[in-house]
């Protein structure tokens, strides 16, 4: 045995009491043993699998698992099956000893640790193994088994309650999501209807105001003429606002006809910039225009492009103080033109750089709002940059803002691909012809849905992961995970939500039976809907129509 000690016998002590750990550590190190410690059952199991100890000293009362449970787990690991395990506990009596041996321990040492402790350790290392009679072993095994079953039942009840809570949470999230979808549709309908309904009476009012101002109903005294001019300015602002709302509604629904024209993009950009020279002068702003373009000819939808650039420049004027500087320019890159509008105005804090393109979002505090078109910090409708984003998307380009922060100025970028016509035609072709549903895992999933009603084609894609890069995006994905294993399902959804062309396409999951864990995992990946068999056909049709109509 002395040879074994010379070779550093490894002893692992699993104990949560720091005093006991220090005491045993001091004794074992003094006797030439290699000492390891763990303060919880799980930590002890992990360390044991890494160091393969010659002997494990096991406290019975651990904070996470009982020493009996840890012993049972270690005995189930083939590489640790023969390691010596000695229970160390303050519990005394034959019951504690018997339960320890019945659970798989080779021996039992009661606390407190005494001077004979090193000799007891040596005895167990030499092969000592405590035993109990068969009747006692059966008795303690039954007792230990009952404790295990009670723990399992308690854990099951806890998991059942957790699943119930999770299901309730998921139902709340699902309900909120459906309400948000409905609210979004209601908002868009309201915008479209209100802009149309507002325009007619406003145009009539403007017509009469102009007639009065022109003297059609008699000559006006100077005071009335001044009032009419104020009315004309404000009615024109109201018309501009309605036109912006109408533009947003049309762009949101992709109703705008994109008639491309070949233009000299530098000349067009410069002419739009020059439209603001009077405003620059009124605000005493320094205005610069720059061009770094060799080949200026490309195709754009002139009306939309002009509206986007005007909105960006107007935004720069509003948020740049008098005597400030605004610079517009264009850079020719390999496959695109990059337009920029730079100012030294109020800047944009990092958290707002993306939000400025959201509809109805404005940077300034509403309590400081005042009406105006180009005055410094004049209030806006919060639609101008949202319209710019839609126009950039229609042109297959991008728009973004950069700023170092508050009072550091801002730069807005707007890109146009050089092959914009080709890209737009491809996009329109996809929107028009790619009315497809991709079914992964179950080709008969939608037999009860009449696709002719929706002008949709069902495509079964059995080897989806091999084909997903080449396939154009569909209108919706249906994945039946009764025929697809969990890892593959997660892999498919992760890839779909990563690809630029498919990340916005809705995903409906159909499962053979409810699986709360899987359901939560898939919702966290971004799926739109999870349903399980048996399928309620009316419910499924309602869900399906929510995403394809």
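The values are calculated or read from the model by the stated rules, or taken from the named source; none is laboratory data. Please read all numbers here as calculations on a predicted model, not as lab measurements. Here the Cβ positions follow ideal geometry from the backbone for every residue, glycine too, while neighbour counts run over all protein chains shown.
Please go through the stretch 288-340 and pick out each residue that is surrounded by fewer than 16 Cβ atoms within 10 Å (Cβ to Cβ), in contact with a helix residue (DSSP H, G or I) (Cβ under 9 Å, 6 or more places away or on another chain) and within 15 Å of residue 263 (Cα to Cα).
297, 302
Quick one: is residue 64 within 25 Å of residue 155 (Cα to Cα) and without any contact (Cβ under 8 Å) to a residue 24 or more places away in the chain?
So residue 64 does not fit the description; no.
Would you be able to say whether some residue in the stretch 238-250 is in a helix (DSSP H, G or I), at pLDDT 70 or above and farther than 24 Å from residue 304 by Cα?
No, every residue in the stretch 238-250 fails to be in a helix (DSSP H, G or I), at pLDDT 70 or above and farther than 24 Å from residue 304 by Cα.
Going through 502, 524 one at a time, which residue ends up being in the same structural domain as residue 474 (by TED's automatic domain parsing) and more than 14 Å from the chain's Cα centre (by Cα)?
One residue alone meets the criteria, 502.
Checking the structure you have, find out if any residue of the stretch 301-321 is over 34 Å from the mean Cα position of the chain (by Cα) and more than 20 Å from residue 391 (Cβ to Cβ).
Yes, there is a match, as at least one residue in the stretch 301-321 is over 34 Å from the mean Cα position of the chain (by Cα) and more than 20 Å from residue 391 (Cβ to Cβ).
Given the condition outside any helix (DSSP H, G or I) and at pLDDT 75 or above, answer yes or no: does some residue in the stretch 130-145 qualify?
yes
When residues of the stretch 355-377 are filtered for being modelled with pLDDT under 60 and assigned to a loop (DSSP other than H, G, I, E, B), how many remain?
11
Are any residues in the stretch 481-504 touching a strand residue (DSSP E or B) at 6+ places or on another chain (Cβ under 7 Å) and at pLDDT below 80, and if so, which ones?
Within the stretch 481-504, 481, 482, 484 meet the criteria.
Could you tell me which of the residues 380, 405 is at pLDDT below 90, more than 24 Å from the chain's Cα centre (by Cα), surrounded by fewer than 22 Cβ atoms within 10 Å (Cβ to Cβ) and in the same structural domain as residue 320 (by TED's automatic domain parsing)?
Criteria check complete, one pass: 405.
Would you check which residues across the stretch 260-276 are free of Cβ contacts under 8 Å to residues at least 60 places away in the same chain, touching a strand residue (DSSP E or B) at 6+ places or on another chain (Cβ under 7 Å) and in a helix (DSSP H, G or I) and list them?
270, 273
Is it fair to say residue 112 is in a loop (DSSP other than H, G, I, E, B) and modelled with pLDDT of 75 or more?
yes
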